[in-house]
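All remarks here apply to the structure that follows.
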Amino acid sequence: MKRSAAAGAALVAVLTAAAVTIPSASARELPHGAPHYYTTKTPYTPQERLRDYEAAPKGFAPVFTENVARHGSRAMTDSSDGDAVLAVLASAGAQGGLTRLGARLAPQVQALLAGAESIGYGSLAGRGVQEQRDTALRMERRLPSLFAAVKAKGEPIEVETSGVARAVASADAFTDGLKAGDPALAPLIQSPVTDKDLLYFHKQPQNADYQAYLADDPDLAAVIARIDGRPNTAKAAGHVVSGLFAEHFAATISDDDKISFSRSLYELYSAAADLRAEAPAVDLDSFLPAADARWFAYLDDAEEFYQKGPAFSGRTITYDMAGVLLDDLFAQAEAKADGSSDKGAVLRFTHAEEVEPLAVLLRLPGSAEAADADPDHPYTYRNNPWRGADVAPMAANIQWDLYAGTPHNGKGTKYLVRMLRNEKETAFKPSCKPIARGSNFYDLDELKSCYGRS
């Protein structure tokens, strides 16, 4: 069942009015403290507390902010994984082939699918609404003087999306958060505009070479096949199946079908936390042992790494296309600094396919290390820090704050930039020099030079 952007906006309004409260989830822990492995479906958690931010240099104040944000937690895109799991469970049940644990799984899957159907497959979930709303409220708390100036000067707040319903709904939730924090901002927030070239570039005609890479590149196909074919995959799948099905039924399932079943179950497991509001009673942790979940998470991360991340050393096909987004970040900051823009903020809402390659171009920590081109030495958790849960969790965001002030010599106005990644102060790439050792503030001209924009 598909939902329109209007339906997504209606969901935002209903949940905001109802003040839905959803327990936050750590990026690495379940509520009971055990590790979990949700990769890019990890619910959002801010990574720094307000009291820990570095103070701006004396004489400097924020004059502009901009972000690039992934949509919030959402329903899975369709019911295919749930249908596949339910079909096997039904066959096993008809043959007396379910263990006591296995007999408990179907109702959980059915409840999860019902939760997804209640909002529409692929749509922003209640948790996603709250993630965006709360992020907006924290932005206001971090930058009170900026938003006071925005109100005083009547500066517009520009909102851009990919045009996909969950991104539009995320924008609505975020701006609803700004309005809740300060109703006087409401008339300054512009209606969302769609810019697919900027915020859905991976699907656009100008990036046909990237689409061909995903569909036909022999190196990509070979490395994914090599990773998927490792013995641990069959071992983990066999372990999952043995816990759910009686021995006589498990013996009738081929190794390939055991892997397919287990990977579908992993997809449901990783989606369940995002649907906590719509399917609060669903808990799939006991059906997928942690060690097995970790392996299937690695397989998922490997696909993301090679398809949207730094991929192969010496090749830039997966992230060159994000240059348009990096250019826009600079262009908006430069326009504010040179006086050609009166905007108080620019808010962008997009997808993992845009956030991951942008992180590579920015050379963000843990996001940009490519893998050896040799398929015998692929990306692994041991040799590379890239993790989907860190690079692009649900509602992942990159924010630039522009500060203006007078330098020590008293001549002119100087502009500084501070970057936040998932609300944590984050250094620009190592070749960029901050204004002082250990500082998170960078001269805008230094960044322009460092990223080749001079």
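The values are calculated or read from the model by the stated rules, or taken from the named source; none is laboratory data. Bear in mind that the values here come from a model prediction, so they are computed numbers and not experimental data. Here the Cβ positions follow ideal geometry from the backbone for every residue, glycine too, while neighbour counts run over all protein chains shown. For the accessible areas, the whole protein counts, side chains as well, though only heavy atoms, and no ligand, DNA or RNA atoms are used. Shrake-Rupley method; radii C 1.70, N 1.55, O 1.52, S 1.80 Å.
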Original post:
From largest to smallest, what semi-axes in whole angstrom does region 141-227 give when each is the square root of 5 times an eigenvalue of its alpha carbon gyration tensor?
Top reply: 40, 14, 11
Subject >> Protein accessible area in the chain, 1.4 Å probe - carbon and sulfur % >> reply: 52
Original post:
How much net charge surrounds Asp81 when only the other residues with a Cβ under 11 Å from the Cβ of Asp81 are counted, with Lys and Arg +1 and Asp and Glu -1?
Top reply: -2
Original post:
Convex hull volume of the Cα atoms in region 254-368, per residue, in Å³?
Top reply: 157
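Given the convex hull over the Cα atoms of region 378-438, what projected area results after averaging over all orientations, in nm²? Mind dumping the intermediate values first?
Working: hull surface 25.2 nm².
Across all orientations, region 378-438 yields a mean hull projection of 6.3 nm².
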Original post:
Once amide H atoms are placed 1.01 Å from N in the peptide plane, what residues at a sequence separation of 5 or more from Lys414, or on another chain, have their amide H within under 5 Å of its amide H?
Top reply: Gly405, Thr406
**OP:** Mind putting together the pair-distance distribution for region 51-174? All Cα pairs, 5 Å bins, whole percent per bin, short to long.
**Re:** 2, 9, 14, 14, 12, 11, 9, 7, 7, 6, 4, 3, 2, 1, 0, 0
Subject >> Protection-proxy order for peptides 206-214, 417-425, each taking the mean of Cβ atoms within 10 Å per residue, highest first >> reply: 417-425, 206-214
Original post:
How much of the DSSP beta bridge set in the chain is antiparallel, as a percent to the nearest 5?
Top reply: 60
Original post:
Given the C-alpha centroids of region 399-454 and region 311-355, what is the distance between them in whole angstrom?
Top reply: 16
**OP:** With only alpha-carbon atoms counted, please give the Rg and Dmax of region 221-266, in Å.
**Re:** 11.1, 35
**OP:** Specify, per residue and in Å³, the volume enclosed by the convex hull of the alpha carbon atoms belonging to region 99-170.
**Re:** 113
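Please compute the alpha carbon radius of gyration of the chain, then divide it by the globular-protein estimate 2.2 N^0.38 Å. Two decimals is fine. Present the calculation step by step, with values, prior to reporting the outcome.
On the way: Rg = 23.1 Å, N = 454, 2.2 N^0.38 = 22.5 Å.
Ratio of Cα Rg to 2.2 N^0.38 Å: 1.03.
Tell me the mean residue ellipticity at 222 nm calculated for the chain from its helices only (DSSP H runs of n ≥ 4, each -39500 (n - 2.57), averaged over every residue, nearest 500).
-14000 deg cm²/dmol
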Subject >> Between region 70-122 and region 124-194, the Cα center-to-center distance that results, in Å >> reply: 35
Original post:
Residues in region 415-454 near a label at Thr406, defined as backbone nitrogen under 16 Å from the 7 Å Cα→Cβ point?
Top reply: 415
Subject >> Protection proxy ranking, peptides 345-352, 127-134, 179-186, average beta carbon neighbours within 10 Å, highest first >> reply: 127-134, 345-352, 179-186
Original post:
Per residue, how many Å² of accessible area does the chain show with a 1.4 Å probe?
Top reply: 41
Original post:
How much net charge surrounds Ala111 when only other residues with a Cβ under 11 Å from its Cβ are counted (Lys, Arg +1; Asp, Glu -1)?
Top reply: -3
Original post:
How would you order 305-311, 78-84, 430-436, 116-122 from highest to lowest mean count of nearby Cβ atoms within 10 Å?
Top reply: 305-311, 116-122, 78-84, 430-436
